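Structure first, commentary second.
Only the coordinates and a few stated rules stand behind these numbers; no lab work does. As the structure is a computational prediction, the values presented were derived from the model and not from experiment. Every residue, glycine as well, gets a Cβ built from its backbone with ideal geometry; the counts of neighbours run over all protein chains shown.
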Amino acid sequence: MTRRVLVTGGAGFIGSAVVRRLVRAGWDVLNFDKLTYAGNLASLNEIDNSPNYRFAKADICDGRAVREALESFRPDLVMHLAAESHVDRSIDGPGDFVQTNVIGTFTLLQEALRYWQGLDAAGQQAFRFHHISTDEVFGTLGEEGLFREDTPYQPNSPYSASKASSDHLVRAWFHTYGLPVVMSNCSNNYGPYHFPEKLIPLTILNALEGKPLPIYGKGENVRDWLYVDDHASALELIATTGRLGESYNVGGNNERRNIDVVRTICTIMDRVVPDATIGAREGLITFVTDRPGHDARYAIDATKLKGELGWVPAHDFESGIEATVRWYLDNAAWWEPLKARYDRARIGLS
Ligand code: NAD
Ligand code: DAU
């Protein structure tokens, strides 16, 4: 039986990895995406001619558009990745985060519930709603400990607060209305097609051009990095085999201080694309004002996902970061237009 999945946010960084994976695996995929600044159909060039892929440009806050998509496509799975995702933007302008992450998720839940209630018994049995979320909902860790599924929620940024709100809504729609949901919370992703406002692609592209490499505060904040395709494989597993009403933490056991991530990228770039005019790229590192409310450390305990569902990530950080650097070097056609737009926005030109 062909499986039909509606993916929200499928033109984003992680959503596009999920779409590429599921299209190749033979799923019928509808990508439902508003195409904000972070959405990019060029991330789907590898699969967008496939007969089992289609795209709808629409907003998850638009209940009518969501209803039409559900009623016409008739998915047996919804994977919800659409979100405003960048912490710094949420500090500068939290409104869009509340709108998309909270109101958008609410709208999607209402329409998914209406759709699910209209299915016959077999359809209801088969249907699932997978909500994709972040480890940032748990707040920050000290030097010890890991985030588990039962770690209390303590979001610290407008972004993480909006994602925490969406997690609570999804949980409530399961317990109150019986919508068959499954949830996951993942650590920092990296890899190809990552928008160049985030630490890793920003560092790679600035290092290539000999520009300053901004590090917030002292660079001692720790993130737990996961290669994006490993997240996509976890998401397929959770969506299809995760227990209903449960949440699963996803992470790669790759804790790194920001300063060490940036130094690693500098070392790879010096080896792969040496540039005498730039010299050793570590010299480009520039410590800048810290992010307000900057969480000190994230680290995931993925025991439940590994033990229950048998998930095994395929990439360690060293091979993943080398592959990522090489991908950016080989795919200027993807990032050049974005970088030009992003640089202009940063200096107030657009
Ligand atoms: P992203 O910013 O790269 O992509 C978000 C996508 O959602 C874009 O294609 C955008 O156009 C779309 N979108 C935004 N608002 C929309 C709306 N109102 N209606 C329809 N589409 C809309 O984000 P990402 O990094 O790929 O993250 C995807 C999901 O995974 C998010 O829910 C995020 O919270 C979560 N997550 C991200 C990470 C990470 O490291 N990037 C880690 C854990 C969880
Ligand atoms: O933990 C999961 C989260 O990871 C996701 O939910 C978010 O959607 C995703 O954006 C990411 O959030 P972070 O804030 O951790 O990612 P970012 O790449 O923005 O920053 C990573 C770390 O690097 C963070 O500690 C801030 C720091 N940083 C970031 C930038 C952009 C810098 O030091 N300099 C920078 O220029």
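Annotation: of all residues in the range 86-120 being closer than 23 Å to Ile200 by Cβ, buried (at least 19 other Cβ atoms within 10 Å of the Cβ) and not small (Gly, Ala, Ser), the one that is nearest to ligand 2 (Cβ to nearest atom) is Val87. Scanning the range 76-95 for residues that are under 17 Å from the mean Cα position of the chain (by Cα) and not in a strand (DSSP E or B) returns Leu81, Ala82, Ala83, Glu84, Ser85, His86, Val87, Asp88, Arg89, Ser90. All of Glu255, Glu246, Glu308 fail the test of being more than 20 Å from Pro196 (Cβ to Cβ), in contact (Cβ under 8 Å) with a residue 12 or more places away in the chain and out of contact with any strand residue (DSSP E or B) (no Cβ under 7 Å at 6 or more places or on another chain), apart from Glu308. Taking the stated definitions as given, is Gly26 in a loop (DSSP other than H, G, I, E, B), closer than 18 Å to Ile132 by Cα, of a type in the set (Gly, Ala, Ser) and in contact with a Ser or Thr (Cβ under 8 Å, 6 or more places away or on another chain)? No: the conditions fail for Gly26. Taking helices (runs of 4 or more DSSP H) as the structural unit, those lying wholly within the range 121-221 and holding at least 1 residues that are within 16 Å of ligand 2 (Cβ to nearest atom) and in contact with an Asp or Glu (Cβ under 6 Å, 6 or more places away or on another chain) correspond to 158-177.
In this structure, Gly123 does satisfy being surrounded by fewer than 17 Cβ atoms within 10 Å (Cβ to Cβ) and closer than 24 Å to Val19 by Cβ. Residue pairs whose Cβ atoms lie under 8 Å apart, sitting 6 or more positions apart in sequence or on different chains, and linking a residue in the range 165-190 that is touching a residue at least 12 places away in the same chain (Cβ under 8 Å) to a partner that is away from ligand 1 (no atom under 16 Å from the Cβ) and in a strand (DSSP E or B), are Pro180/Arg128; Val181/Arg128; Val182/Arg128. If only residues of the range 285-333 that are under 16 Å from Arg257 (Cβ atoms) and assigned to a helix (DSSP H, G or I) are counted, the one that is farthest from ligand 2 (Cβ to nearest atom) is Glu318.
When each of Ser16, Ser50, Ser72 is tested for being within 16 Å of ligand 2 (Cβ to nearest atom) and of a type outside the set (Lys, Arg), the lone residue that passes is Ser16. Would you point out the residue of the range 42-94, among those that are small (Gly, Ala, Ser), touching a helix residue (DSSP H, G or I) at 6+ places or on another chain (Cβ under 6 Å) and more than 10 Å from ligand 1 (Cβ to nearest atom), that is nearest to Val29 (Cα to Cα)? In this case the residue turns out to be Ser50. Ile238 meets the conditions (1) outside any strand (DSSP E or B); (2) within 19 Å of Val87 (Cβ to Cβ) in every case but one. The failed one is (2).
The C-beta contact set for the range 121-143 (first residue farther than 19 Å from Ser157 by Cβ and in contact (Cβ under 8 Å) with a residue 60 or more places away in the chain, second residue away from ligand 1 (no atom under 16 Å from the Cβ) and of a type in the set (Gly, Ala, Ser), distance under 9 angstrom, 6+ apart or interchain) comprises Glu143/Ala296. Of the residues Phe97, Phe55, the single one that is in contact with a strand residue (DSSP E or B) (Cβ under 8 Å, 6 or more places away or on another chain) and touching a residue at least 12 places away in the same chain (Cβ under 8 Å) is Phe55. In this structure, Asp260 does not qualify as within 17 Å of Asp316 (Cβ to Cβ), more than 12 Å from ligand 2 (Cβ to nearest atom) and either surrounded by fewer than 23 Cβ atoms within 10 Å (Cβ to Cβ) or under 14 Å from the mean Cα position of the chain (by Cα) (or both).
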